[in-house]
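In what follows, a structure is listed as structure tokens, so that the remarks can point back to it.
The values are calculated or read from the model by the stated rules, or taken from the named source; none is laboratory data. Predicted model, so just to flag it, every value in this text is computed and none were measured. Ideal geometry is used to build each Cβ from the backbone, glycine not excepted, and the neighbour counts take in all protein chains shown. The protein model used for the area step is the full one, side chains on, heavy atoms only, and it has no ligands, DNA or RNA in it. Shrake-Rupley method; radii C 1.70, N 1.55, O 1.52, S 1.80 Å.
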Amino acid sequence: MKNKNDLRNLLESIDHRGYPNYKSTKGDYHFDGYILHIDHVQGDPFAAPSHLTIEVPGERAGFPEEYRSVKHRRIALQDKLLRYFHAEASRVSHLAKGSGKSGAIEVCKPGQEILERSDCRVDEETGTVYLRFRAGFPANGRTINSRELIRMLFDYVPKCVVGALISRKETERDVKAAIELSDDQAAIRNKMQEMGLIAFVADGAVLPRVSGVSQLPMKGAVLFRSPETLKAEIETPHRGTISGMGIKRGITLIVGGGYHGKSTLLKALERGVYNHITGDGREFVLTEADAVKIRAEDGRSVHGTDISLFINNLPDGRDTSSFTTEDASGSTSQAANVAEAIEAGTHALLIDEDTCATNFMIRDELMQRVIHGEDEPITPFLSRIGQIREAGISTILVAGSFGAYFNVSDTVIQMDRYKVLDITEKAKKEAEDYPVMEKTELSYHAPDNKRVPAKPGRELLGDRIKTKTLGLDGFSVNHETVSLRYVEQIVDSGQNAALCKALLMAAERMIDGRKTLTEIVDELEKRMEKGGADALYAGRTPEAGLAVPRRQEIFACLNRFRLLKIN
Ligand code: ADP
Ligand code: MG
């Protein structure tokens, strides 16, 4: 293998030449204590920066073996190292100057959630650290300035490596704390299963965020406190007993006046499918990992979804056991979202009245009297929620104005000035005097999950496909936008980038006109289980900043792809 002097000589020899000459640097170079891989070189200083990987051997990185022995620990370690590298890189990025992207040193910036990401990977066996970053190779205009690149690769990057990827006295405790936090989160998730809880919110948790556009904790917030009756105590390996509110399997209503903190609690639960970093305030707000937020999503496309649990006898006679539309209404979109969440294997639905189609949730008594059952295509969620519970799927529902749900719920909690009260008994008692409004003689059947996508056309195959990630809003494939804005548990644009890859890989290798959607998602999931989001390359150049999405979001993405046809 070449070493850093070879790289220096090469760079000096191409100084002042045309920018494409940088391409000759592609290759692997021994530096002091690590290997620098130049994976892909940009053709132009104004194009996306070049892709590089740093490989630090396990002995040199020096993190204890037990920090990678279990998956949750390895992910916590990777996350921590990536955060360090991001901080180091921000200090030196753009110190080298020039045109366009010259001097940029970038990695993805992790948010409050701890996700498995392709930018940092620690090998389970050897402990080798792989850190993928992007660098803008410097130029004046379009002329190579290799002096500046030499500063970047021989001064700045080595500083980042030492500061971030190698075990040091200064960060030892911080890394250990991250590992221990991941242990405690994993332990609570395990205990939750045993205790029959679908969610746990620790006493002292900070639920509200700074603003609608920031996930940082609100300062001076009212700290969470569980009511005595719902208190659960869970033993953790590093923190002793943690107490908080346990939400049991079944149906839980969250009620209370407007502005009292209902949606804030539900939002925290939505994100509780992921682990959060120290200092976030939601470290111990944990929700069943397969829980799915359900909302109305007017305008989404639906392909062959069985929504007959909720919608039947449409005026145009359309088949709702295999429902297809390019433009779903509020109620049909919400029905499809429930059916597809069940298909994706969820055990908990999270619903907020703020983002529901009212006619999907409920039909009041007067309306039932005026419009008879047979004239109304919608069987409201209220009529099905009990059956869905019997099928093993719990619901947590924010319902400040749906009193009819009292009858069917197992637990009713009230948010009162950001404090939680257990009002189950009171609510049940009040509800006794009111008849159950919705009765259904319809039998329950799990939505049919034998959907088979048709083999895609040429537009999805080959190397010339142009893709673009649209932040949290989704991505596009050859100008076809896959809108994931309302798939609210996508919390990082890296997940969208990975979903785009997953979709292309499915189109190229898996969708064959015979496999069911479930089989396809199983296959994608299995690949990522082993190789993370990197397992989705399908021969293309590695992409920056991928984050592993959940199974539920892979389904959501395939379900919203308008070019996907169901046989
Ligand atoms: P609801 O859904 O009941 O109408 P929200 O959850 O939207 O209420 O909360 C209303 C406002 O109160 C939000 O601006 C939120 O940030 C704030 N808030 C929520 N919980 C707390 C808390 N524990 N401490 C301080 N402010 C909070
Ligand atoms: Mg609300």
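Descriptive notes on the structure:
- Here E233, E194 are screened, and the one residue that is outside any helix (DSSP H, G or I), under 29 Å from the mean Cα position of the chain (by Cα) and of a type outside the set (S, T, Y) is E233.
- Scanning the stretch 197-221 for residues that are open to solvent by 40 Å² or more (accessible area, probe 1.4 Å) and not in a loop (DSSP other than H, G, I, E, B), we see that the one that is farthest from ligand 2 (Cβ to nearest atom) is L216.
- If you go through the stretch 222-265 and keep only what is open to solvent by 10 Å² or more (accessible area, probe 1.4 Å), within 16 Å of ligand 2 (Cβ to nearest atom) and not β-branched (V, I, T), you end up with G256, G257, G258, Y259, H260, G261, K262, S263.
- Restricting attention to the stretch 362-406, the residues that are open to solvent by 30 Å² or more (accessible area, probe 1.4 Å) and polar (S, T, N, Q) total 3.
- So E488, is it at pLDDT 95 or above, within 19 Å of the chain's Cα centre (by Cα) and part of a helix (DSSP H, G or I): no
- Pairs are defined by a Cβ separation below 8 Å, a sequence spacing of at least 6 or placement on different chains, a first member in the stretch 261-275 that is under 12 Å from V398 (Cα atoms), and a second member that is open to solvent by 30 Å² or more (accessible area, probe 1.4 Å) and assigned to a helix (DSSP H, G or I); the pairs so defined are S263/D354.
- In the stretch 326-425, counting only strands (runs of 3 or more DSSP E) that sit wholly within it, the ones holding 3 or more residues that are hydrophobic (A, V, I, L, M, F, W, C) span 348-352, 394-398, 411-416.
- Taking the criterion of being free of Cβ contacts under 8 Å to residues at least 60 places away in the same chain and out of contact with any strand residue (DSSP E or B) (no Cβ under 6 Å at 6 or more places or on another chain), the residues of the stretch 499-516 that qualify are L499, K501, A502, L503, L504, M505, A506, A507, E508, R509, M510, D512.
- Among the residues making up the stretch 145-163, those that are open to solvent by 10 Å² or more (accessible area, probe 1.4 Å) and aliphatic (A, V, I, L, M) are I150, V162.
- R189 surrounded by 17 or more Cβ atoms within 10 Å (Cβ to Cβ) and basic (K, R): yes
- When V206 is tested against (1) more than 29 Å from R551 (Cα to Cα); (2) touching a residue at least 60 places away in the same chain (Cβ under 8 Å); (3) within 10 Å of ligand 1 (Cβ to nearest atom), just one condition goes unmet, and that condition is (1).
- Hits in the stretch 462-485 (condition: out of contact with any strand residue (DSSP E or B) (no Cβ under 7 Å at 6 or more places or on another chain), within 27 Å of R132 (Cα to Cα) and assigned to a loop (DSSP other than H, G, I, E, B)): G462, D463, R464, K466, N478
- Filter result for A268 (within 16 Å of ligand 2 (Cβ to nearest atom), open to solvent by less than 10 Å² (accessible area, probe 1.4 Å) and either farther than 30 Å from A178 by Cβ or not basic (K, R) (or both)): yes
- Scanning the stretch 333-351 for residues that are within 16 Å of ligand 1 (Cβ to nearest atom) and either open to solvent by 10 Å² or more (accessible area, probe 1.4 Å) or within 16 Å of the chain's Cα centre (by Cα) (or both) yields a total of 1.
- Residues within the stretch 362-376 that are of a type in the set (V, I, T) and touching a residue at least 24 places away in the same chain (Cβ under 8 Å), tallied: 1
- Residue match in the stretch 491-502 (condition: under 22 Å from L470 (Cβ atoms), of a type in the set (D, E, K, R) and in contact with a Leu (Cβ under 7 Å, 6 or more places away or on another chain)): yes
- Against the criterion of being of a type outside the set (G, A, S), touching a helix residue (DSSP H, G or I) at 6+ places or on another chain (Cβ under 9 Å) and under 30 Å from R209 (Cα atoms), R91 qualifies.
- Under the condition of being away from ligand 2 (no atom under 16 Å from the Cβ) and over 29 Å from the mean Cα position of the chain (by Cα), the residues counted in the stretch 411-424 number 4.
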